[in-house]
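One structure is given here, and the rest of the page talks about it.
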Amino acid sequence: MLRLISIIILMLLTCRAVAQEDGNMDIDILTDAAEAGDDEAAETAEMDCDYIEEISNNKIDINDSIELQSLPILNSLQINDLMEYRKKYGDIKSFGELKGVPSLSTATIKQLMQLTSVNNKPDNRKYTLREMLTKGRHYISSYNKAVLERQAAYVADSMGDTKYNGDRVRWCLKYRYKFKDKIAWGVTGEKDAGESFSFGNRKYGFDYYSMFLKIHNLGIIENAIAGDYVVKFGQGLMLGGGFSMGKSMAVNSSTGCKQLREYSSSNENRFYRGAAATINVFPKAAVTVFASANLVDGTCEDTEFHSLRTDGYHRTERELANKDNLRETLGGMIAEYGAGRWQVGAAAYYYGYDKKFTPREQLRYANAYSTKEGVGASVCYRYGGKKSTLYGETAIDKHGNLATLNAVEMMVADNLRLRLTHRHYSPKYQSFKALSFGQTSRANNEDGIYLGMAAEPEKWLSIEGWADIFRLPWAGAYNKLPASGNEAMLKTTFHASRRYDLTVRLKHKVRHNSELDDGTTKTGYLKVMGTYKPSNFITLATSAQWSKSESTTTQHGYLVCQDVKWRSESVPLTVTARYGLFSAPYAARIYAYENDVSGAFSVPGYYYEGQRLYLTAGYKIGDKATIQIKISRWKYLDRQSVGSGDSEIDADHKSEVSMFFKYNF
């Protein structure tokens, strides 16, 4: 322990930690969700990372009010201030003007420069179809990842057969084309590690394919998409595609009534397959229609299914038996109207499956009802004032069960912003497409009050904090019996100088379960980060984190990391490296974001006792090509094997290699 304390003190005094830059803005936005430590948060965070990367590749016009509302880095008050600025002074013609928008900090302006563009000269020219199809920009990218050690599922038995049908490489291949803001299309192919390029009856190629064709801003057509897409309405209580609803005050939680965008993630879930379009029927009114027919994975028995499978794995014969064995049909309409500061919308949709959903006979599924088809309806609103924003959504399912979320966000002073959110999700409310704010994303069986605060009392000090009190009134998918609890986070950043920041983050969660359901559990962590940038080409990053888990016993863990990021002055080369020491039981495991290659999102859990080392390097070849590689290694000090079951490695270490290549033409 004395050695650990000495190392931490030395690191905090000599190097300080972590300002991420050069496009890695997903760190600030997704850290809370990524470090939540559950599979659902990791799944949505990976999709969000893909979403942010797509925005950075195809920047949003900062003068496009509709697109701006979908930008996750801006809160509702910042969006309102931008709109007010444009009303007074006209369209923004340079990023320097953003300094005149009161609610935009220097960090936010820097992020806007990475995700938006300034269109000084609106392009009103009418292009021919041939021009749109031949004069755009193409790119193709490839992402590969593999574990170097042989895991148990790849070890041949006495007959020479392995449990997994395919090799150890995960591979994702993407092709994209875009012509200005008029037309775009793309194709994605992906296979997970263990999946074969030949499967089933005479089927060859990638395990998963996705493609889309998008038309944007052509006459009265605001958006039209054929292929794979996502659609979100209101707060995601009924239709929850798009950016996930994290608890951080840094995330925009008051987006417009609807979001419709193409789907480009390698995640095999949470998308629709068919066609959708938004048409501006009047200057202030728009209608969105969508239809989808898709084959999805499910746990099925004859004419029934019990759950939808979302892991996307098809490595074994059993997993292949669940592939595309359920047909999902969905269609709906969204109408929205905006007048002055008000924006209102209404939506309705139909869903159907070719098999009947039948909940399992367990107490936690007592409120779920059997269904083969159904309908849902929802209304949402948003009012954007100068110093406050009101927004919310109320949805009902086919049996009239209710889910509602309402919030107010206020700028009570120039440097103090508050958010108050109330939610009530009926235990019987059922929506297969929800992705909402709460302890889970399912928008059912939950009541809660959330209060958040973001302040900059001084230029050298910024504070963010929130507290959430919740109740789960009935047994559910994540609790065997009724439960309640509270969760809170406090983050303080000291901007000591232009080159040095120090951040302290404290998070705590208490959950009161029944004595038959593990009793009361308490979890939390304290994380200290500092940032030191001795030059424009070197960033030294240090973090120290302590975790705690208290239930029948109390357990503690720690993680200490040292990161170095170097960017060459003479060649287009960037290198990032980390060395970490950790010791934590599984119950007090620590999740920490890692710098990765493009197309990947990495937030591994640190537990047991050992060391973590990785090196990421990226090189730009001319103006057209980029290549990146990451090499990482776990070294455990308290065990002779890594993992369990099919993933077990008969060694005290685990090594991984990732590679990304992109070519523009």
Summing +1 per Lys or Arg and -1 per Asp or Glu among the other residues with Cβ less than 13 Å from D623's Cβ gives +4
Work out the FRET efficiency for S570 and Y663 from their Cβ-Cβ distance, taking R0 = 22 Å, and round it to the nearest 0.05.
0.40
Largest to smallest accessible area among C257, C300 [probe 1.4 Å]
C300, C257
Going highest first, how would you order 212-224, 538-550 by mean Cβ packing within 10 Å?
538-550, 212-224
Extend 7 Å from the Cα of M132 along its Cα-to-C-beta direction; within the range 219-241, residues with backbone N under 17 Å of that point are 219-227
Counted charge near E656, where neighbours are those whose Cβ lies closer than 12 Å (Asp, Glu -1; Lys, Arg +1)
+4
Using 0.36 nm times the number of residues separating A366 and L481, minus their current alpha carbon distance, what extension gain do you get?
40.3 nm
Environment charge of A346, counting only residues whose C-beta is closer than 14 Å and scoring Lys/Arg +1, Asp/Glu -1
0
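Averaging sequence separations of C-alpha pairs under 8 Å and six or more residues apart, then dividing by the length of the chain, give the relative contact order as a whole percent. Don't jump to the answer; show the numbers that get you there.
Working: 1678 pairs, mean separation 79.7, N = 665.
RCO, the chain: 12 percent.
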Please work out how much accessible surface L490 shows to a 1.4 Å probe, ignoring ligands, DNA and RNA, in Å² rounded to 10.
80 Å²
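Based on the Cβ-Cβ distance of A346 and L637, what FRET efficiency does E = 1/(1 + (r/R0)^6) give at R0 = 56 Å, to the nearest 0.05?
0.45
In percent, how large is the relative contact order of the range 430-485, given Cα pairs closer than 8 Å and 6 or more residues apart?
The normalised contact order for the range 430-485 reaches 25 percent.
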Checking rank on 435-443, 76-84, with mean other Cβ inside 10 Å and highest first, the result is 435-443, 76-84
Kindly provide the helix-only [θ] at 222 nm of the chain, computed as the sum of -39,500 (n - 2.57) over DSSP H runs of four or more divided by all residues, to the nearest 500 deg cm²/dmol?
-3500 deg cm²/dmol
Between E648 and K88, what is the label-point separation in nm under the 7 Å Cα-to-beta-carbon projection?
6.8 nm
Take peptides 128-135, 459-466 and line them up by average Cβ neighbours within 10 Å, highest first, as a rough protection proxy.
459-466, 128-135
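On the accessible surface of the range 351-443, probed at 1.4 Å, how many percent belong to carbon and sulfur atoms?
Carbon with sulfur: 54 percent of the solvent-accessible area.
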What full-extension length gain, to one decimal in nm, is calculated for A467 and L526 as 0.36 nm per residue of separation minus the Cα-Cα distance?
19.6 nm
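Under a 1.4 Å probe, what is the accessible area of the chain per residue, stated in Å²? Kindly include the intermediate steps, with their values, before the conclusion.
Numbers: 30640 Å² over 665 residues.
Accessible surface, normalised per residue, equals 46 Å².
The values are calculated or read from the model by the stated rules, or taken from the named source; none is laboratory data. Since the model is a prediction, treat every value here as computed from it, not as a measurement. Glycine also receives a Cβ, built like all others from the backbone with ideal geometry; neighbour counts cover every protein chain displayed. The protein model used for the area step is the full one, side chains on, heavy atoms only, and it has no ligands, DNA or RNA in it. Shrake-Rupley method; radii C 1.70, N 1.55, O 1.52, S 1.80 Å.
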